[in-house]
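Derivation of every value follows stated rules applied to the coordinates shown; laboratory data play no part. For clarity, every value in this text was computed on a predicted model and none was experimentally measured. A quick note on method: Cβ atoms are made from the backbone with ideal geometry, for glycine too, and the neighbour counts reach across all protein chains shown.
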Amino acid sequence: MIELLKDEYLDQVIEIEKESFEKPWSRKNFLSEIANHELSELYVDVIDGKVVSYGDLWYMFENCDLTKIAVRRDMRHKGYGRKMLSHLIATAARKGCEFMHLEVNVNNEDALKLYEGNGFETVRTRKRYYENGDDAYDMILALLVEQEHKIVLAIESSCDETACAILDDQLNVLSSVVTSQIDVHARFGGVIPEVASRMHVEQISVIVKQAVDEAGISMDEVDAIAYTIGPGLIGSLHVGATAAKSLAIFYDKPLIGVHHLKGHIFVNEMIKPLIYPMMALVVSGGHTELVYIENDQSFRIIGTTLDDAVGEAYDKVARLMNEAYPGGPVIDRLAKQGVEHYQLPTPKVDGYDFSFSGLKNAVAQLVKREEEAGNQINKYDLAYAFQEVALHSLIAKTKEALKEYPCRSVVLAGGVAANSRLRELMSQNFADMDLILPPLKYCTDNALMIACAAFHYLRANKFVSMDAPSKPSMSIED
Ligand code: KG4
Ligand code: ZN
């Protein structure tokens, strides 16, 4: 986390200062920076108690001076310098500075590349500025000028879709390519993780190339590379992460690690702007969550499943009925022709949490009972019975939650959002609210959703370093 320098980090900062500069600042210099936050600010990036980088700004009327950025020696070339620079630029802009100025040794190629890449321009050369006779460039960045449209290239590979999309910050889709492995996994009745990673490896470079070709842009025009950092299957996540990091290193772009479910939520912006506070009902193969979203950076899980996710329950129930994987679309279709006939128990869980395994077991017992009695199961009616109970529990909890957490809008997100009956029930029950139902093409996994979410990370300067680990069970609150 990036924060202002405190006494407890001083020793580490002095250590980095010594290994970074020929004429390091003294402890006294740093102490005066801590004491004087009006005129200057020294920020440190601290990870697990370790200072990885720091950067210092001096404010002078409407301008500011970037006096230094340093990165701990063993953490260099991992994106921390860029991360700190982005933070300082955003901070200065927020404070209303018009220009940021810095001096840099003309021979310091890494630093020049970093500053030029962030829009700094050389305005003059200071001859023999340094003691060893080296020249310095004066560089300036205009902070208040209208920024050009940003472009993000995003990769999604958390489960069984390999996808790449290119999107600009006005939400113009430059390209969006998705390949699904569903046909292969269908043969096994579910996603086989090892098979999924192998297929991602085979597809990923083809998909990325296709997305870039279709967008008709060069990689120079891309401002950031985004990818799904979690949650998902670890092997599958790794493939996307490696591809994204390779692109970020090769083309020298900042890297954004997007939470998969935030992708499912923010893709709804393709329809209309989101209004906060907002309640998201996130329903997918791996998650069932009620998320209270106060603003685009604040996510709070107020309800979650205690056992199976709702999509998982659809898949398992379809399997019990000898239907194909993925079971969600099959049950959706069958239920349309079903009528009220079988009785299944409504899950009883306190608060806003969900449970679907009891319901799934009840289906299993019913199938067994009927088979033992020699009765033919009416699969339409069984699909209907399961779906009505499962979906009404989603609706009931969402309604309850909205009483305690009043919201201006409700948004449905995730693979199960494709369900026709759920969409109908949402429309009936939340007619008086600003309700957003994602179009079907955005319900299943794709990379556009990762790009949509990435802009919220970009605006908040939330980047990840090149050694960021994938997080298979990451929470949306992280
Ligand atoms: O979001 P998603 O594509 O992948 C995950 O992140 O999990 O969601 C996949 C899940 C599967 O369980 C699938 O059966 C379910 O979404 N699903 C549906 C429908 N279409 C997909 N469930 C119910 N009705 C549907 N029409
Ligand atoms: Zn998903």
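Counting only C-alpha contacts under 8 Å and six or more residues apart, can you give the relative contact order of segment 1-104 as a whole percent? The value is 24 percent. Considering only 29, 49, 61, and ranking their Cα positions along the charge dipole of segment 3-62 that arises from unit charges at the beta-carbon of Lys, Arg, Asp and Glu, the one farthest toward the positive end is 29. For segment 1-107, chymotrypsin sites (Phe, Trp or Tyr not before Pro) are listed when DSSP marks them as loop and at most 11 other Cβ atoms sit within 10 Å of their Cβ; the list is 21, 61. Relative contact order, whole percent, for the chain stands at 15, derived from Cα pairs under 8 Å and 6 or more residues apart. An oblate overall shape is assigned to segment 173-286, the ratio a/c of its alpha-carbon gyration tensor axes (a ≥ b ≥ c) being 1.5 or greater and a/b not exceeding b/c. How high is the FRET efficiency between residue 349 and residue 219 when r is their beta carbon distance and R₀ equals 45 Å, given to the nearest 0.05? Calculated transfer efficiency: 0.40.
The overall shape of segment 234-357, judged from the alpha-carbon gyration tensor, is prolate: a/c is not under 1.5, and a/b is greater than b/c. With the Cα gyration tensor of segment 98-169 giving a ≥ b ≥ c as the square roots of its eigenvalues, does the rule (a/c under 1.5 for rounded; else a/b larger than b/c for prolate; else oblate) give rounded, prolate or oblate? Cα axes put segment 98-169 in the oblate bin. Here is the list for segment 106-166: trypsin sites (Lys or Arg not before Pro) lying in DSSP coil, each with at most 14 other C-beta atoms within 10 angstrom of its C-beta, are 127, 128.
Loop-located trypsin sites (Lys or Arg not before Pro) across segment 1-47 with a Cβ neighbour count of 14 or fewer within 10 Å are 6, with loop assigned by DSSP. Taking other C-beta atoms within 10 Å as the exposure proxy, 432, 467 rank 432, 467 from fewest upward. In the chain, helical runs assigned H by DSSP with n ≥ 4 each contribute -39500 (n - 2.57); averaged across all residues and rounded to the nearest 500, the mean residue ellipticity at 222 nm is -12000 deg cm²/dmol. Projecting the Cα atoms of 237, 250, 263 onto the charge dipole of segment 207-271 (Cβ charges, centred on the Cα centre) puts 237 farthest toward the positive pole. Beta bridges assigned by DSSP with both partners in the chain are antiparallel in approximately 75 percent of cases.
Per the Kirkwood formula applied to alpha carbons, the chain shows a radius of gyration over Rh ratio, Rg over Rh, of 1.06.
For the Cα atoms of the chain, what angle does the longest principal axis make with the long axis of helix 310-320, in degrees from 0 to 90, nearest 10? Compared with the principal axis, the helix lies near 40 degrees.
The charge dipole of segment 286-432, taken about the Cα centre with unit charges on the Cβ atoms of Lys, Arg (+1) and Asp, Glu (-1), comes to about 180 debye, rounded to the nearest 20.
Relative to the dominant Cα principal axis of the chain, helix 420-429 is inclined by about 80°. Among 468, 380, 422, whose Cα projects farthest towards the positive end of the dipole of segment 369-478, with charges put on the beta-carbon of Lys, Arg (+1) and Asp, Glu (-1)? About the Cα centre, the residue reaching furthest to the positive side is 468. In a simple Cβ point-charge model (Lys, Arg +1; Asp, Glu -1; nothing else charged), the chain has a dipole of about 640 debye relative to its Cα centre.
Cβ crowding within 10 Å ranks 386, 463 as 463, 386, fewest other Cβ atoms first. Magnitude of the charge dipole for segment 184-263, about its Cα centre and with charges confined to Cβ atoms of Lys, Arg (+1) and Asp, Glu (-1), is about 380 debye. Backbone geometry of segment 116-125 corresponds, through the Karplus equation with coefficients 6.51, -1.76 and 1.60 at θ = phi - 60°, to 3J(HN,Hα) couplings of 5, x, 9, x, 5, 10, 6, 10, 6, 10 Hz, x marking Gly and Pro.
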